[in-house]
Amino acid sequence: MSARRRTSRILVAALVVAALAGVPAQAAPQAEGEAATAGAGTPSVRVIPGTVPGDPAAPDVEDTYPWMSTVTDLASAGYVEEEFELSGEADAYSTTGELLAEDVPYRTRMIVRRPARQQDFNGTVLTEWQNVTAGYDLDALWNPDQILREGYAWVGVSAQRVGVDQLRGWSPARYGGLDVTGGGRFTTDQLSYDVFAQAARALDGRAGRTDPLGPLRARTVLGVGASQSAMRMTVYHDHVLPRTAPVFDGFAFVVGNAPTRKGAEPVFQILSETDVRTPARRADDDRFRRWEVAGSAHSGCSGQEYRRPVLTRDLGAAPAYRCERPPFSRVPLHHVIAAAYGHLTRWAERGVLPPSAPPLEFAPDGTKARDALGLARGGIRLSQVEAPTALNTGDNAGETFCFLFGRHEPFGEERLAELYPTHGGYVAGVARTDARNVRAGYLLAGDARDNLREAATSGVGRR
């Protein structure tokens, strides 16, 4: 555990567009002589019983199950999933950091997926601000292959009214008592910042209350959020955190805004190609890193495929979209996110600076620069871009959220034969690119092995 922690211990598409726009937030200065308030009180925590299979409409909570309970086989990986109710009193803040009210009662929930044993835990908790852009809580950064393989604990926190209201209607017995509005006094998420911070404080396992991490003891607690949640976390970091006691050791802002204030904690921003709209960028420094990933999308194929059976179970059907181009980039942004988590942990624990990364390139007309295949130039270039078998971009258009999904159009046989006269040549191209990215720190060795295995069993270059 860091020294600091030891001592301190839809809003829909419009909000997403605002997050993508990259408009820098202006940090609220702390008034002269103003001391940081205690902030982030310690909530009460209790287990919510009930597991899949169950019925959300059942009158007894034991017969229900958690919203979006994972379909991943956690037991075979030595993991467990548990859900907890958090209750306490939170302070309300405006989006500019003004304290609006103190000690407002709240009740919410968090879902925990963690190793069952301390020896399988890498010591880092990924505390995710659940995304509500779709009108319900979404575990946007639950990437099970990487999280389970690397031994993280993942905790999803319901901080916003939209998500909590949907939960209350989905399963009244399970969630009917939740409220993050102070009984209707604060309906625009003024409590969300302190609620999120209090959830992190609940993970420290103090004696005398239920510990959501069970037998685990965390060294590092990271705050992570994607898209609208990154925007909310930016408000917390830039405007609320300067006035309150710190609880997180570092932050990851994914496919959305990132802070402009330089604080004590390290900050990582990871952006898909979709999210990079301008060549203007905050420069890297000893508390900030920004990575941009060519060919990837704000919401790509991996997350969509994972959530389809979950939403079919919990909502009756997963959303379907009609986009102008075939949707869902296959460039695995989550591979880069996983690498960033490891860097962020070492940065927070030992001060080891992560590598910087080249930015995406822009053409003179202000659009993203592209090569002859239509692939973006610059940025972190995974093997799916450097040894491509399809056109993957961050751009698309059409109904609702299509502009976030990117594009995936497989190359025809003629183009593949031109690019890869032999199967071995294709496999070697994947291996070279991934080895380079592993050495650079942009890719984990486990994901490189999976890429190589997929390339070796593919039909690319076979005649």
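The values are calculated or read from the model by the stated rules, or taken from the named source; none is laboratory data. Note that this is a predicted model, so its numbers are computed, not measured. Here the Cβ positions follow ideal geometry from the backbone for every residue, glycine too, while neighbour counts run over all protein chains shown. The area values use the complete protein model at the heavy-atom level, side chains included, leaving out ligands, DNA and RNA. Shrake-Rupley method; radii C 1.70, N 1.55, O 1.52, S 1.80 Å.
Put a dot 7 Å past the Cα of E102, heading toward its Cβ, do the same for R377, and the two dots end up 5.7 nm apart.
What FRET efficiency comes out for S458 versus E150 if R0 is 35 angstrom and r is the Cβ-Cβ distance? Round to the nearest 0.05. According to the calculation, E is roughly 0.85. The magnitude of the dipole of region 213-320, with charges of +1 and -1 set on the Cβ of Lys/Arg and Asp/Glu and taken from the Cα centre, is near 220 debye.
Amide H contacts for A318 (H built 1.01 Å from N in the peptide plane; partners 5 or more residues away or on another chain; cut-off under 5 Å): T312.
Over the chain, dividing the summed -39,500 (n - 2.57) contributions of all DSSP H runs of at least 4 residues by the number of residues returns a 222 nm mean residue ellipticity of -8000 deg cm²/dmol. Coupling constants for region 264-269 follow from the phi torsions by the Karplus curve (6.51 cos²θ - 1.76 cosθ + 1.60, θ = phi - 60°), and in residue order they are 6, 8, x, 10, 10, 10 Hz; glycine and proline get x.
Each residue of region 405-416 is assigned a 3J(HN,Hα), and the resulting list reads 8, x, 9, 9, 10, x, 6, x, 4, 5, 5, 5 Hz, derived from the Karplus form 6.51 cos²θ - 1.76 cosθ + 1.60 (θ = phi - 60°), x at Gly and Pro.
The phi torsions of region 164-169, fed into the Karplus equation with coefficients 6.51, -1.76 and 1.60 and a -60° offset, translate into couplings of 5, 4, 5, 4, 4, x Hz, rounded to whole numbers, with Gly and Pro shown as x. With 0.36 nm allotted per residue and the present C-alpha distance subtracted, the S94-T278 stretch has 63.4 nm of extension available.
Qualifying trypsin sites (Lys or Arg not before Pro) in region 80-189, where qualification requires a DSSP coil assignment and no more than 14 other C-beta atoms within 10 Å, comprise R117, R185.
Between R219 and E413, what is 0.36 nm times their sequence separation minus the Cα-Cα distance? Round to one decimal in nm.
Contour length minus the Cα-Cα distance gives 64.8 nm.
Measuring from each cysteine beta-carbon in the chain, the ones with no other cysteine beta-carbon under 4.7 angstrom are C301.
Along its principal axes, region 409-463 has C-alpha extents of 34, 20, 17 angstrom, given from the largest down. Taking amide H positions as modeled 1.01 Å from N, with prolines and chain starts lacking one, the residues under 5 Å from G378 and 5 or more places away or on another chain are E361. Model label sites at V80 and R322, defined 7 Å from Cα along the beta-carbon direction, differ in position by 4.8 nm. Label sites at D73 and S44, each approximated as a point 7 angstrom past Cα along Cα to Cβ, lie 4.0 nm apart. What a 1.4 Å probe finds exposed on the chain is 53% carbon and sulfur by accessible area, rounded to a whole percent. Just add up the charged neighbours of H335: K/R +1, D/E -1, any other residue whose Cβ is under 11 Å from the Cβ of H335. Net local charge, H335 excluded: -4. With protein chains left intact and a 1.4 Å probe, residues in region 242-360 average 36 Å² of accessible area per residue. In a reduced charge model with +1 at each Lys and Arg Cβ and -1 at each Asp and Glu Cβ, the chain shows a dipole moment near 1080 debye about its Cα centre. Based on the Cβ-Cβ distance of L315 and D286, what FRET efficiency does E = 1/(1 + (r/R0)^6) give at R0 = 56 Å, to the nearest 0.05? FRET efficiency, L315 to D286: 0.80.
Taking other residues whose beta carbon is less than 12 angstrom from the beta carbon of D179, and scoring Lys, Arg as +1 and Asp, Glu as -1, yields +3.
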